[in-house]
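S.K.: Pasting a structure below so you can have a look.
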Amino acid sequence: MRSRRRARARAVKAWAGRFDARTAPLVEAFTRSVGVDRRLWPHDIAGSVAHVQALVRARLVTRREGARLTRGLAAVERELAAGRFRFLASDEDIHMAIERRLTELVGPVGGKLHTGRSRNDQVALDLRLWLRAECTALDAALGRFQRALGGVARRHRTTLVPGYTHLQRAQPILLAHHLLAYREMLARDRGRFRDCRARADELPLGAGALAGAGFALDRALVARRLGFARLAQNSVDAVADRDAGAEFLAAAAIAAVHLSRLAEEIVLWASEEFGFVELPDAFATGSSMMPQKKNPDVAELVRGKTGRVLGALVALLTILKGLPLAYNRDLQEDKPPLFDAADTLRECLDVLTAMVPALRFRTERMTAAADGLLLATDLADLLVERGVPFRRSHEIVGGLVRHCLATGTALRDLDAAVLRRHSPHLTPEIVRTLTPGRSVARRHVVGGTAPAEVRRQLARTAREDRR
Ligand code: ARG
């Protein structure tokens with residue numbers, strides 16, 4: 001009896017009524033999620049405040065009780081916001097912790113808060129509120145990085161750089177064009193987070209444990225209070241579904257892959273072999289042993305952290321794939337991957353947004369590398385303009401390239417006899433017109449690398465940035 005009373009003083013579990021014996025401490029620790037889900041507190045409080053309004057409307061609590069609960073929730077919120085909230089070992093998760101503290105503050109009426117509600121629809125609600133906010137925040141962070149890339153691109157609207165396929169020099173392009181490619185990827189990423197937010201914009205509360213609340217709760221009222229566009233239309237689905245999380249992680253994984261590809265290019269371009277960028281000191285690290293080293297650790301970590309984000313997507317889908325309907329405790333494991341992926345992606349975006357504008361592009365090296373055999377396609381195109389079918393002109397220029405490589409001659413320096421041997425259409429005057437500048441200029445299709453077209457794209461992105 002004494003020990004029983006002591007156990008109660010320690011903390012009564014909300015579900016203790018059905019149990020004779022206490023939970024084993026090992027199990028308590030194993031099932032506890034408050035260390036992870038405590039960050040849901042602002043959403044949990046908001047959800048509870050809206051739920052209290054539905055309880056009042058349904059006359060399940062009086063106006064006076066409702067006001068007391070709302071004031072109590074505000075007090076708990078203040079404690080949490082100020083970091084003054086004291087979590088107990090017996091607080092299983094953030095939902096229980098808040099309700100426990102509320103009841104300490106307002107007395108037995110606190111026990112009415114959970115009327116018509118289950119932690120199953122409560123956690124589904126909290127997660128959707130969190131996802132909505134996180135989608136908006138990541139959309140904004142992606143937008144900031146887009147602006148940073150746009151700024152760098154604007155500074156380099158005439159800088160030439162080799163474009164690569166298979167990591168072999170392919171054709172000259174403008175550095176701005178290369179950088180704007182990433183802006184396009186980020187634009188799609190933003191679209192994915194907006195889509196995710198729009199689909200997640202559905203209120204699960206009212207689903208109860210799984211069958212629907214047993215009281216006439218005005219779900220539309222709750223949805224309005226919390227700014228949800230729609231009500232979940234099936235209570236079983238509402239508590240079992242984590243699609244919004246999976247979509248979020250898919251969007252995060254794709255975005256992280258984009259950042260990782262950029263990071264990889266920074267690593268490559270910062271190497272002595274490429275020598276296209278100089279890392280700002282503030283964003284590089286040295287070696288503890290080799291005094292000459294300046295390492296691109298920031299870019300490498302962005303690339304590496306991407307693995308975590310991809311892992312998060314696989315983790316959540318794997319958690320979901322074998323679950324029977326409706327709620328299962330497995331679902332508690334959705335939060336670590338979601339939170340980690342969101343934090344990681346945000347961190348990567350923030351550091352790249354700061355670093356990329358500080359990169360020094362070694363434009364003289366880029367320009368020098370963007371010349372030479374990269375103009376072979378342009379020579380083939382010149383032959384096409386003289387009526388030679390492209391397949392034939394490709395073959396002719398292929399032969400000239402072979403000659404250049406064997407003799408160490410530049411395309412532009414080929415002499416009349418060699419040219420004549422390969423094609424009656426070719427003269428030294430014609431090959432001398434080949435320059436990287438003319439090469440990019442002739443690519444003025446929509447989306448091409450011609451300076452005029454890239455300027456048009458820069459103007460479009462600048463307009464987007466102002467919106
Ligand atoms: N902490 C739990 C979670 O994150 C809350 C729901 C618990 N529900 C339950 N039936 N045990 O999923």
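S.K.: If you only keep lysine pairs separated by 8 or more in sequence, or across chains, how many in the chain come under 30 Å at the Cα atoms? List each step's numbers first, then the result.
M.R.: Working: 13/112; 13/335; 112/335; 293/305; 294/305; 305/321; 305/335; 321/335.
So the count of such lysine pairs works out to 8.
S.K.: Something else about it: Report, by chain and number, residues whose modeled amide H sits under 5 Å from the one on residue 295, excluding near sequence neighbours (fewer than 5 apart, same chain).
M.R.: 285, 286
S.K.: Compare the Cα positions of 384, 397, 430 along the charge dipole of segment 373-467 (+1 at Cβ of Lys, Arg; -1 at Cβ of Asp, Glu; about the Cα centre) and return the one farthest towards the positive end.
M.R.: Highest projection toward the positive end goes to 384.
S.K.: Quick one: 3J(HN,Hα) in Hz for segment 43-52, Karplus 6.51/-1.76/1.60 with θ = phi - 60°, rounded, Gly and Pro as x.
M.R.: 6, 5, 5, 4, x, 5, 4, 5, 5, 4
S.K.: Separate question: Arrange the peptides 405-412, 181-188 so that the one whose residues have, on average, the most other Cβ atoms within 10 Å appears first. Walk me through the numbers before you get to the answer.
M.R.: On the way: 405-412: 12.4, 181-188: 17.1.
Highest to lowest by the protection proxy: 181-188, 405-412.
S.K.: Mind checking the dipole of the chain: about its Cα centre, +1 per Lys or Arg Cβ, -1 per Asp or Glu Cβ, Debye to the nearest 20?
M.R.: 1640 debye
S.K.: Using only Cα atoms, what is the ratio of the radius of gyration of segment 35-152 to 2.2 N^0.38 Å? Please list the in-between numbers first.
M.R.: Numbers: Rg = 17.3 Å, N = 118, 2.2 N^0.38 = 13.5 Å.
Output field value: 1.28.
S.K.: Enumerate the residues in segment 125-149 having an amide nitrogen under 19 Å from the point lying 7 Å beyond the Cα of residue 354 toward its Cβ.
M.R.: 138, 140-149
S.K.: Something else: Would you please classify the overall shape of the chain from the alpha carbon gyration tensor, given that a ≥ b ≥ c denote the square roots of the eigenvalues, rounded means a/c under 1.5, and beyond that prolate means a/b larger than b/c while oblate covers the rest? Kindly include the intermediate steps, with their values, before the conclusion.
M.R.: Numbers: a/c = 3.34, a/b = 2.72, b/c = 1.23.
Note, shape of the chain comes out prolate.
S.K.: Now for a separate question. Dipole size in debye (nearest 20) for segment 133-215 around its Cα centre, Lys and Arg Cβ +1, Asp and Glu Cβ -1? If you can, show how the numbers build up before the last one.
M.R.: Working: 13 positive and 7 negative charges, 120 e Å.
Using only the charged Cβ atoms, the result is roughly 580 debye.
S.K.: Across bins of 5 angstrom width beginning at 0, how are the C-alpha pair distances of segment 13-97 distributed, in whole percent?
M.R.: 3, 13, 19, 19, 16, 15, 11, 3, 0
S.K.: To continue, here is another question. Please turn the phi angles of segment 320-336 into ³J(HN,Hα) values with the Karplus equation 6.51 cos²θ - 1.76 cosθ + 1.60 (θ = phi - 60°), one per residue in order, whole Hz, x for glycine and proline.
M.R.: 7, 5, x, 7, x, 6, 10, 6, 9, 5, 3, 4, 4, 6, 6, 6, x
S.K.: Please give the charge dipole size of segment 202-330, origin at the Cα centre, charges +1 on K and R Cβ atoms and -1 on D and E Cβ atoms. Round to the nearest 20 debye.
M.R.: Numbers: 13 positive and 15 negative charges, 116 e Å.
Dipole about the Cα centre, nearest 20: 560 debye.
S.K.: Also, quick follow-up: What shape does segment 57-111 have by the C-alpha gyration tensor, where a ≥ b ≥ c are the square roots of the eigenvalues, rounded means a/c under 1.5, and otherwise prolate means a/b greater than b/c and oblate the rest?
M.R.: Numbers: a/c = 2.59, a/b = 1.73, b/c = 1.49.
Prolate, because a/c is 1.5 or more and a/b exceeds b/c.
S.K.: Compute the Cα gyration tensor for segment 141-275, then decide on rounded, prolate or oblate, letting a ≥ b ≥ c be the square roots of its eigenvalues: rounded whenever a/c is under 1.5, prolate when a/b is larger than b/c in the other cases, and oblate in all that remain. Provide the component values of the computation, followed by the final result.
M.R.: Numbers: a/c = 4.89, a/b = 3.09, b/c = 1.58.
Prolate is the answer for segment 141-275, as a/c is 1.5 or above and a/b outweighs b/c.
S.K.: Collect residues whose amide H, placed 1.01 Å from N in the peptide plane, falls under 5 Å from the amide H of residue 170; neighbours closer than 5 in sequence don't count.
M.R.: HN-HN under 5 Å from residue 170: 163, 164, 165.
S.K.: Angle, helix 119-155 long axis vs. longest principal axis of the chain, Cα atoms, 0 to 90°, nearest 10?
M.R.: Around 20 degrees separate the two axes.
S.K.: Report, in whole Å, the centroid distance computed from the Cα atoms of segment 218-240 and segment 395-434.
M.R.: That distance is 71 Å.
S.K.: Within segment 220-273, report the GluC sites (Glu not before Pro) that DSSP leaves as loop and that have at most 16 other Cβ atoms within 10 Å.
M.R.: Details: sites: 247, 264, 265, 272, 273; in loops: 272, 273.
Filter output for segment 220-273: 272, 273.
S.K.: Name the residues whose placed amide hydrogens come within less than 5 Å of the amide hydrogen of residue 203, ignoring near sequence neighbours (fewer than 5 apart) on the same chain.
M.R.: Answer set, sorted by chain and number: 230, 231, 232.
S.K.: Past the 16 angstrom mark, what percentage of all C-alpha to C-alpha distances in segment 89-190 do you count?
M.R.: Working: 3733 of 5151 pairs.
The calculated P(r) of segment 89-190 puts 72 percent of pairs beyond 16 Å.
S.K.: Given bins 10 angstrom wide, list per bin the percent of all Cα-Cα distances in segment 192-232, short to long.
M.R.: 31, 46, 20, 3
S.K.: Using θ = phi - 60° and the Karplus relation 6.51 cos²θ - 1.76 cosθ + 1.60, list the HN-Hα couplings for segment 273-282 in order, rounded to whole Hz, with x at every Gly or Pro.
M.R.: Result, ordered by residue: 4, 7, x, 8, 10, 10, 6, x, 3, 5 Hz.
S.K.: For the chain, what does -39500 (n - 2.57) per DSSP helix run (n ≥ 4), summed and divided by total residues, give at 222 nm, in deg cm²/dmol to the nearest 500? Could the numbers behind the result be given before it?
M.R.: Working: 20 runs with 288 residues, N = 467.
For the chain, the value works out to -20000 deg cm²/dmol.
S.K.: Rounded to the nearest 0.05, what FRET efficiency do residue 333 and residue 384 have when you use their Cβ-Cβ distance and R0 = 51 Å?
M.R.: Working: r = 60 Å, r/R0 = 1.17.
After rounding to 0.05, the efficiency reads 0.30.
Every number here is computed from the coordinates shown, using simple stated rules; none is lab data. All of these numbers come straight from a predicted model, not from anything done at the bench. Glycine gets a Cβ as well: all are built from the backbone with ideal geometry, and neighbour counts include every protein chain shown.
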